[in-house]
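Asker: Okay, here's the structure, questions in a sec.
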Amino acid sequence: MGNSTFQEVVFTGPASSLAHVRKSLESAGIRCRSTKPKRAEGLVRVQREDGEPARTCIRNSPPQHGRVIEANEAAWLRCPKCEAALSLGVRTCAVCGEDVADPHGF
Ligand SMILES: [Zn+2]
């Protein structure tokens with residue numbers, strides 16, 4: 001299974017917090033992927049249907065740093081055309097080439 005099914009961003013934070021969140025989600029039976037932080041913050045993604053259970057799980061066992069990404073905010077991290085997961089601050093969808101410049105950076 002590729003990363004493309006893990007489209008829902010549920011958390012952003014530093015590497016230490018990503019590990020904590022991944023552990024919490026995995027012990028709750030929720031599969032996830034995390035991006036390796038290039039600078040400071042990384043993202044944790046789950047499958048679309050696991051979005052809300054994952055957010056609840058993270059809130060129940062919050063890591064020291066980072067924050068939950070709410071559904072409305074997560075929607076900005078999907079391409080409006082093809083629904084591919086977008087990286088923070090990208091201007092063009094890597095999959096379909098759609099211009100996603102504004103307001104995806106936050
Ligand atoms: Zn796209």
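The values are calculated or read from the model by the stated rules, or taken from the named source; none is laboratory data. Note that the structure is predicted; figures quoted are calculated from it, not measured. Here the Cβ is made from the backbone with ideal geometry for all residues, glycine too, and neighbour counts use every protein chain on show.
Asker: Can you tell me which residue among GLU73, GLU83 is among the acidic types (Asp, Glu) and either in contact with a Lys or Arg (Cβ under 8 Å, 6 or more places away or on another chain) or not in a loop (DSSP other than H, G, I, E, B) (or both)?
Answerer: GLU73
Asker: Tell me whether region 68-79 contains one or more residues that are at pLDDT 90 or above, surrounded by 14 or more Cβ atoms within 10 Å (Cβ to Cβ) and touching a Ser or Thr at 6+ places or on another chain (Cβ under 9 Å).
Answerer: yes
Asker: Does region 80-95 hold any residues that are more than 15 Å from GLU8 (Cβ to Cβ), more than 10 Å from the ligand (Cβ to nearest atom) and loosely packed, with under 14 Cβ neighbours inside 10 Å, and which are they?
Answerer: Of everything in region 80-95, those that are more than 15 Å from GLU8 (Cβ to Cβ), more than 10 Å from the ligand (Cβ to nearest atom) and loosely packed, with under 14 Cβ neighbours inside 10 Å turn out to be GLY89, ARG91.
Asker: In region 10-21, what residues are more than 16 Å from ARG55 (Cβ to Cβ) and in a helix (DSSP H, G or I)?
Answerer: Those that are more than 16 Å from ARG55 (Cβ to Cβ) and in a helix (DSSP H, G or I): ALA15, SER16, ALA19.
Asker: Out of curiosity, is SER24 outside any loop (DSSP other than H, G, I, E, B) and of a type in the set (S, T, N, Q)?
Answerer: Judged against the criteria, SER24 is a match.
Asker: For CYS57, indicate whether it is under 14 Å from the mean Cα position of the chain (by Cα), crowded, with 17+ Cβ neighbours inside 10 Å and more than 16 Å from the ligand (Cβ to nearest atom).
Answerer: no
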